[in-house]
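Step one of this worksheet: look at the structure below.
The values are calculated or read from the model by the stated rules, or taken from the named source; none is laboratory data. Just so we're clear, the structure is a prediction, and the values are computed from it rather than from any experiment. In this analysis, Cβ positions are derived from the backbone assuming ideal geometry, glycine residues included, and neighbour counts consider all displayed protein chains. Ligands, DNA and RNA are excluded from the accessible area calculation, which covers all protein heavy atoms including side chains. Shrake-Rupley method; radii C 1.70, N 1.55, O 1.52, S 1.80 Å.
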Amino acid sequence: MDVLIRGKGVYKIYDMGLTKVEALSGVNFEIYSNEFLVILGPSGSGKSTFLNILGGMDTATKGEIYYKDMKLHDANRAKLTKYRKDAVGFVFQFYNLMPNLTAIENVDLAREISSSPLDAREMLDKVGLSDRADHFPSELSGGQQQRVGIARALAMQPKIIFADEPTGNLDTKTTAEVLELMKQIVKEEDQTLIMVTHDVDIAKVADRQIKIVDGKAV
């Protein structure tokens, strides 16, 4: 498989005034095209920091990170914004839906972000929610809200989908359904799925795992 993102000696150090907190400590990694990768680790291990840096929402303190031939570690704010706009989709634990917008309107928000968004109704149909298009988030179950979040990410036509604990608020049955849906879609669309979780059982369904312990990849 082709290497999509690679990193060498990646550190993230937060300056807290009198102390410095090392969230990532010299992480080396490779992420491949079209794989389902889980970043596994307990709370406070640095896995969400890792995801945010990979997704262009944060920058490393030192080290090298490449998306294909693009140097993420040297990218300014404008370049990182373009990277997120052109290559990245996000799925969040708490759905991040606009409560005053319907399901289809939430998905259609991708038009304000992506340079080549897909049709919102088609994306809702892909996640099995075409009959809920005109419902507000308060009228949807947790699993349905997360499906809207997935549809919104897909509408941006991303190369990579980053998912931060996307099943953290779902029951066991719904978790299994959402995971299977995400796996199926990214394979069909030739995308890469990178998911953060602390759940070992969820990690087992991935193609591969990177385990983060005390800021180090093991």
Buried (at least 17 other Cβ atoms within 10 Å of the Cβ) and charged (D, E, K, R): is that true of LYS71 in this structure?
no
Give region 159-184 a look and list any residue that's open to solvent by 20 Å² or more (accessible area, probe 1.4 Å), of a type outside the set (S, T, N, Q) and closer than 23 Å to SER43 by Cα, or say none.
ASP164, GLU165, GLY168, LEU170, ASP171, ALA176
Would you be able to tell me the number of residues in region 13-44 that are under 24 Å from ASP199 (Cα atoms), open to solvent by less than 70 Å² (accessible area, probe 1.4 Å) and out of contact with any Gly (no Cβ under 7 Å at 6 or more places or on another chain)?
11
Within region 154-179, which residues are among the charged types (D, E, K, R) and within 16 Å of the chain's Cα centre (by Cα)?
LYS159, ASP164, GLU165
Looking at (1) within 17 Å of the chain's Cα centre (by Cα); (2) free of Cβ contacts under 8 Å to residues at least 40 places away in the same chain, which is the only condition GLN146 fails?
(2)
Which residue is most open to solvent (accessible area, probe 1.4 Å), if the candidates are limited to region 74-94 and must be touching a residue at least 60 places away in the same chain (Cβ under 8 Å) and over 23 Å from ASP190 (Cα atoms)?
PHE94
Among (1) surrounded by 17 or more Cβ atoms within 10 Å (Cβ to Cβ); (2) touching a Leu at 6+ places or on another chain (Cβ under 8 Å); (3) closer than 24 Å to ARG6 by Cβ - the single one ARG208 does not satisfy:
(1)
